[in-house]
């Protein structure tokens, strides 16, 4: 063991003294130790030496899916996605029954906007590990991002049945129902959440949105007693009480630009007959992170208005 530590330390010192990192391996045990050391380097932010160490391990000829998975993670951090995906593919070839390898590649696919392929990898992971909450949650989320809303509803329903129980499944289900245009069902879901947690500002905002989109009557008085200082409560109040677009716009200057644009677009639909709603939703589509539920909402609203998202 001491020999292996010395070898790794010497290799690291050599790497630090040269412009081209160099690591030497003389047996399989040293290769495994160096792969673990590469993981430590990566955790410390030394991506250059982490890649060099893993290059040496893989070049030595050991066949281990973890080496490719680790190098894929480093390349992903460096946004070298072609290299990252090539390594992730190799890791899966070596370990087709390891569910984490599919999750790791799904994360890479998500980063490059290949959502259907990411969902496909998560399908494979779920088949191998059906009760893993993270897999169900991420797949449901990506189905919303990919505008596969009705499928997302099913995944979030399943998530409510898997311990540990949380509001994530119910909140996600309501969001998916809303984006699918099933506003009455969405309102009922958010109403249930508010009944359990009246102070939940996010549920209140979605509840108000769903009620208004479904053409139902709702007043601020019905929610005011539970309102808190969170931005979601401000948006809910303005959605139900603001009589002019300028009032709503001026009162939300400090709100996150993505959330503000979505709010203004929706308000213009339900209060102003849709005038200038497209401008707000287009701004949201440009401002919100591409792989976010908010961006998916913006793209969906623009599609309903028959306007291209970009």
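Throughout, read-outs are computed from the coordinates displayed, never taken from laboratory work. Treat the numbers as computed from the prediction; the structure is a model and nothing was measured. Neighbour counts are summed over all protein chains in view; Cβ atoms, including those assigned to glycine, are modelled from backbone coordinates with ideal geometry.
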Legend entry - Sequence of 224, 232 once ranked by neighbouring C-beta atoms within 10 Å, starting from the fewest: 224, 232
Inset, instruction - Could you tell me what fraction of 2.2 N^0.38 Å the Cα radius of gyration of the chain comes to, as a two-decimal ratio? - result: 1.26
Inset, instruction - Could you tell me how many degrees, from 0 to 90 and to the nearest 10, lie between the Cα long axis of helix 99-111 and the main elongation axis, the longest principal axis, of the Cα atoms of the chain? - result: 60 degrees
Legend entry - Over the stretch 210-262 - Rg/Rh using Cα atoms and the Kirkwood inverse-distance radius: 0.96
Inset, instruction - Round to the nearest 10 and give me the degree value, 0 to 90, for the angle of helix 47-60's Cα axis relative to the longest principal axis of the chain. - result: 50 degrees
Inset, instruction - Give me the distance in nm between label points sitting 7 Å out from Cα along the Cα-to-Cβ direction at residue 22 and residue 123, one decimal. - result: 4.9 nm
Inset, instruction - Just need the Rg to Rh number for the stretch 191-310, please, alpha carbons only, Kirkwood Rh. - result: 0.95
Inset, instruction - Take the Cα radius of gyration of the stretch 124-277 and divide it by 2.2 N^0.38 Å, with N its residue count; two decimals is plenty. - result: 1.10
Inset, instruction - State the Cα centre-to-centre distance between the stretch 257-299 and the stretch 89-140 in whole Å. - result: 30 Å
Inset, instruction - Specify whether the C-alpha gyration tensor of the stretch 78-162 places it in the rounded, prolate or oblate class, a ≥ b ≥ c being the square roots of the eigenvalues: rounded for a/c under 1.5, otherwise prolate if a/b is larger than b/c and oblate if not. - result: oblate
Legend entry - With Cα atoms, 0 to 90° folded angle of helix 149-159 axis to the chain main axis: 70 degrees
Legend entry - Gyration tensor (alpha-carbon) shape descriptor, the stretch 118-194, a/c threshold 1.5: oblate
Inset, instruction - With label points built 7 Å along Cα→Cβ from the Cα atoms of residue 244 and residue 286, find their separation and express it in nm. - result: 2.6 nm
Legend entry - Whole-number percent relative contact order across the chain, with pairs defined as alpha carbons under 8 Å at least 6 apart: 8 percent
